[in-house]
1. Taking the chain as the reference, fit the longest principal axis to its C-alpha atoms, fit the long axis of helix 149-163 to the helix C-alpha atoms, and give the angle between the two in degrees, 0 to 90, nearest 10.
2. In the structure displayed, which of Lys177/Lys203; Lys44/Lys84; Lys177/Lys209; Lys108/Lys220 lie more than 19 Å apart, Cα to Cα?
3. Across the chain, what fraction of all alpha-carbon pairs, as a whole percent, falls in each successive 5 Å bin from zero upward?
4. Given charges of +1 on the Cβ of Lys and Arg and -1 on the Cβ of Asp and Glu, with all other atoms neutral, how large is the dipole of the stretch 10-127 about its Cα centre, in debye to the nearest 20?
5. For Val65, what residues show an amide H to amide H distance below 5 Å, using hydrogens built from the backbone and excluding near sequence neighbours?
6. What is the helix-to-structure angle for 194-213, meaning the angle in degrees between its Cα long axis and the longest Cα principal axis of the chain, kept from 0 to 90 and rounded to the nearest 10?
7. Can you give the net charge of the other residues whose Cβ lies under 11 Å from the Cβ of Ile223, counting K and R as +1 and D and E as -1?
8. Can you pull the percent of the stretch 1-156's accessible area that's carbon plus sulfur, 1.4 Å probe, other chains left in place?
Amino acid sequence: MFGYEKGAFTGARDKGKVGKFELADTGTIFLDEIGDMPLHLQVKLLHVLQNRRFERVGGNKTIQVDVRVITATNRNLEEMMRDKTFREDLYYRISVIPLVLPPLRERKEDILPLARFFLQKYNGFMNKKIHGFSDEVQQLFTGYQWPGNVRELENAVEYGVNMTFGDCVEMDSVPPKLQHLLVEPGQMLRYSSLQEQMKSIEKEILLNKIQEHGSTHESKLVIAKELGVSRATL
């Protein structure tokens, strides 16, 4: 991220190396999965964001930069702050204009347009001419919760294109983990085993409780007490 000077460590390049922040000077740097950043690096990043300057590893020259910083994470940073795994001062430094992208299960109207987009993409990659999805597959896609969000949907479509030898993606061409989900016209997903049905009901109960009480640490304690489980289990 910050580069190093020549001879800074064993195996370092003879001429050193320019870091990402230095390369992004007068531009934009995107830090993905910032919730996974170790604490010692969070301190360094906070210093750079506040002072707009840093030193390369093994160097003593101060480098000034002017960068726009965009960060992203799929973690709950507020909960991580309470657990002391993410610095509070860094959180408030980067959370100036927060943008929240809702999960795919909360924007079901996007599922089929995205699926068609990915179908066109992988048709091109694999030189196929699949024109669409069967009604049953479409109902499966719109009824599924997609815990892996858009990446999981893309993966399912790519799998379907690989496994389809006709002109339409049918149920036998969706990923095996989705094939046990059965769909009836006009109905939500039903499951082929008692275990899957219980999982679905349990998940619905938990989501309803979180929607009712919220997802803060205190809220989770309340929910856990109501359900008679520990917070860790919840």
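The values are calculated or read from the model by the stated rules, or taken from the named source; none is laboratory data. All values derive from a computational prediction rather than experimental measurement. Reconstructed Cβ throughout: ideal geometry from the backbone, glycine too, with neighbour counts over all protein chains shown. Calculation scope for accessible area: heavy atoms of the full protein, side chains included, ligands and nucleic acids excluded. Shrake-Rupley method; radii C 1.70, N 1.55, O 1.52, S 1.80 Å.
1. 60
2. Numbers: Lys177/Lys203 17 Å; Lys44/Lys84 17 Å; Lys177/Lys209 27 Å; Lys108/Lys220 27 Å.
Pairs exceeding the cut-off: Lys177/Lys209; Lys108/Lys220.
3. So the P(r) values, bin by bin, are 1, 5, 10, 11, 11, 11, 11, 11, 10, 9, 6, 3, 1, 0.
4. 320
5. Arg53
6. It works out to around 50 degrees.
7. +1
8. With neighbouring chains kept in place, the figure for the stretch 1-156 is 50 percent.
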